[in-house]
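What follows is one structure encoded as structure tokens, with my remarks underneath.
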Amino acid sequence: GDLTEMAWFLAWTPHAALHLQNPFYTTALNFPVGVDLLQNTAVPLLGILAAPLTLTAGPVASLNLLLWLAFPLSAAAMFVLARRWVASVPAALVAGALYGFSPYMIGQSAAHLNLTFVPLPPLIFLAVGEAIAGRKRWGAALGMLIVAQFFISAEVLATTTIVAALAIIVLASMRPRSVRLTVRRGLVPILLALSITAVCLSYPVWVMVAGPHHYTGPAFGGGLSADLLGVIVPTSSQLVVPAGMATLGDHLVSGNVIENGTYLGVPMLILLTMLIGRFWRSTRMRFCAVMLLVCFILSLGPQLIVNNVDSGFPLPFALLQNAPLLDSILPVRFSLY
């Protein structure tokens, strides 16, 4: 399964480095045709970081350690982001816990290291905010974070970029008078970030789209979208859940429990509704409410699905469904955000 493949990838990166082989493609898999590893889940950055453990204790030990670390590191990253905007430390801790130990994280950890190790998206959002505020050092940091995320998961980088772009559009619509000043302040840091990204990723992106052993077309035929019921129906991944409800939840998203990470629950939805209503006058609260809705709608995919039945009702993700380099994104994975 996927975890076996992840262990192989963690072993491949130090092996390629020690034997002076290109780490981005190989004929050691799918011999003799070969495989474009950048179109797969090779996580070369994690392979480098875990190389000492891999070479001494083996790739399974590295895989276990990285999966374990994914939870606290991701939670800590969200804590840092929340702490930038929230005065209360306990509130920031709650934000970190909700992100780092969410249903998305629990589900993906059963199979996908590349999708579970997500401490960088919150830091990318933090860097974007600081960069458009005119801080050049954060522009450089943003470029390096983008490069690092590419070498963990290009798909997560793509979805992070989409969410960040939509967030900027939402903010611009909420504060149109600030757009000109923001562009003037953020132009140099953003150009710096793009320059670092272009220098570091030009060759890897070429390998991905046109290099040896690459394939064309989407990686997943038909995609995989969240179910409208998934937000209120728990799965067996939750610690406390009635058996009947777990059976229904496990049936959603074509029975793929690992990918079904959209659960919030009725109590959480009630709490969110109360908080949004109580603090609606706050620009930050309105922004968060809009982005919550945007990310949820993106996770539902190109057409609304209810209890595994395609209603035929079109949704905005249809605009991205066939876009080059984006046609391999699984919409349900937007539940991370």
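The values are calculated or read from the model by the stated rules, or taken from the named source; none is laboratory data. Predicted, not measured: the structure shown is a model, and the values here were computed from it. Positions of Cβ are backbone-derived with ideal geometry, glycine not excepted, and every protein chain shown enters the neighbour counts. Keep in mind that these areas ignore ligands, DNA and RNA; they rest on the heavy atoms of the full protein, side chains included. Shrake-Rupley method; radii C 1.70, N 1.55, O 1.52, S 1.80 Å.
Which condition number in (1) assigned to a loop (DSSP other than H, G, I, E, B); (2) closer than 30 Å to V266 by Cα is the one that L229 fails? Against the list (1) assigned to a loop (DSSP other than H, G, I, E, B); (2) closer than 30 Å to V266 by Cα, L229 comes up short only on (1). Taking the range 1-40 as the range and being within 27 Å of Q108 (Cα to Cα), open to solvent by 80 Å² or more (accessible area, probe 1.4 Å) and in a loop (DSSP other than H, G, I, E, B) as the test, the residues that pass are G1, N30. Filtered by the rule that a residue be in contact with a Leu (Cβ under 7 Å, 6 or more places away or on another chain) and open to solvent by 20 Å² or more (accessible area, probe 1.4 Å), the range 129-146 gives K136, A140, L145, I146.
Give me a count of the residues in the range 21-57 that are among the hydrophobic types (A, V, I, L, M, F, W, C), more than 20 Å from F150 (Cβ to Cβ) and at pLDDT 95 or above. Working first, answer last.
The first filter runs over the range 21-57 and keeps only residues among the hydrophobic types (A, V, I, L, M, F, W, C), leaving 24, 28-29, 31, 33, 35, 37-38, 42-43, 45-46, 48-51, 53, 55, 57.
Retained after the next criterion (residues that are more than 20 Å from F150 (Cβ to Cβ)): 28-29, 31, 33, 53, 55, 57.
Those left that are additionally at pLDDT 95 or above: 53, 55, 57.
So the count comes out to 3.
Does the range 188-205 contain any residue that is in a loop (DSSP other than H, G, I, E, B) and exposed (fewer than 13 other Cβ atoms within 10 Å of the Cβ)? For the range 188-205, residues in a loop (DSSP other than H, G, I, E, B) and exposed (fewer than 13 other Cβ atoms within 10 Å of the Cβ): absent.
Among the residues of the range 237-256, which ones are over 25 Å from N322 (Cα atoms) and either surrounded by 14 or more Cβ atoms within 10 Å (Cβ to Cβ) or among the acidic types (D, E) (or both)?
Just the residues of the range 237-256 that are over 25 Å from N322 (Cα atoms), to begin with: 237-251.
S237, Q238, V241, M245, A246, L248, G249, D250, H251 - these are the residues of the range 237-256 that are over 25 Å from N322 (Cα atoms) and either surrounded by 14 or more Cβ atoms within 10 Å (Cβ to Cβ) or among the acidic types (D, E) (or both).
Can you tell me which residue in the range 152-174 is most open to solvent (accessible area, probe 1.4 Å), limited to those that are more than 25 Å from P204 (Cβ to Cβ), free of Cβ contacts under 8 Å to residues at least 40 places away in the same chain and not polar (S, T, N, Q)? Quick ask: steps written out before the conclusion?
Within the range 152-174, the first condition is being more than 25 Å from P204 (Cβ to Cβ), and the residues that meet it are 166-174.
Cutting the leftovers down to free of Cβ contacts under 8 Å to residues at least 40 places away in the same chain gives us 169, 172-173.
Checking which are not polar (S, T, N, Q) leaves us with 169, 172.
Working: I169: 109, A172: 36 Å².
The extreme case among them is I169.
As a summary of the residue check, I270 satisfies the conditions (1) over 18 Å from V309 (Cβ atoms); (2) surrounded by 12 or more Cβ atoms within 10 Å (Cβ to Cβ) except for the one numbered (2).
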